[in-house]
1. Rank the residues 57, 70, 76 as a footprinting-exposure proxy: fewest other Cβ atoms within 10 Å of their Cβ go first.
2. So how far, in whole Å, is the C-alpha centre of the range 1-38 from the one of the range 47-98?
3. Only Cα pairs within less than 10 Å get springs; with that Gaussian network setup on the chain, which residue of 52, 24, 62 has the largest fluctuation?
4. Grab the Cα-Cα distance for residue 54 and residue 107, subtract it from 0.36 nm times how many residues apart they are, and report the gain in nm with one decimal.
5. If you average the sequence gap of Cα pairs under 8 Å that are 6 or more apart and divide by the length of the range 3-103, what percent do you get for the contact order?
6. With label points built 7 Å along Cα→Cβ from the Cα atoms of residue 39 and residue 96, find their separation and express it in nm.
7. With 10 angstrom as the radius, rank 83, 88 by how many other C-beta atoms surround their C-beta, starting from the fewest.
8. Residue 6: net charge of surrounding residues, Cβ under 12 Å, Lys/Arg +1, Asp/Glu -1, itself excluded?
Amino acid sequence: MELSLATRVVSAHTVLEVGGEVDVYTAPKLRERITELLDGGIGAVVVDLGKVEFMDSTGLGVLVGGYRKSRTVGASFGVVCGKESLLKIFRITGLDQVLPLYQSIDAATTA
């Protein structure tokens with residue numbers, strides 16, 4: 001399955017909608033897009049994983065890297081993840097304690 005990426009603005013946050021599979025083959029495309037947004041001066045990025053069917057450790061690494069970069073450039077960074085199968089991966093790896101996770105776009109853009 002391919003990776004799809006789309007952006008839109010919600011309440012002064014740039015929402016990056018991710019769909020498909022985030023794995024060793026597609027993660028560089030996601031990393032590149034997050035970097036473009038943050039290097040472009042976007043002050044608030046929300047990565048929406050609502051349409052992601054599968055994510056491996058490479059994808060998790062991209063999200064952690066995006067979070068770290070956001071802190072370096074003074075931007076906010078959040079991840080919307082409502083799927084239990086993906087949330088389980090965040091919990092098992094302990095990344096639920098590192099990354100700002102939200103259940104919905106509304107929650108992420110009003111936090």
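1. Working: 57 12, 70 21, 76 17.
Result, fewest neighbours first: 57, 76, 70.
2. Result: 11 Å between the Cα centres.
3. Taking springs between Cα atoms under 10 Å, the residue moving most is 24.
4. Details: separation 53, 0.36 × 53 = 19.08 nm, distance 2.29 nm.
Going from the current span to full extension adds 16.8 nm.
5. On the way: 161 pairs, mean separation 26.2, N = 101.
Normalised by residue count, the contact order of the range 3-103 is 26 percent.
6. About 3.4 nm, to one decimal.
7. Lowest to highest Cβ neighbour count: 88, 83.
8. Numbers: positive: 8, 33, 51; negative: 17, 48.
The answer is +1.
Taken together, the values in this text are just the output of simple stated rules run on the coordinates, not laboratory data. Model, not experiment: these values are computed from the prediction. As a convention, Cβ positions derive from the backbone with ideal geometry for all residues, glycine included, and neighbour counts pool all protein chains shown.
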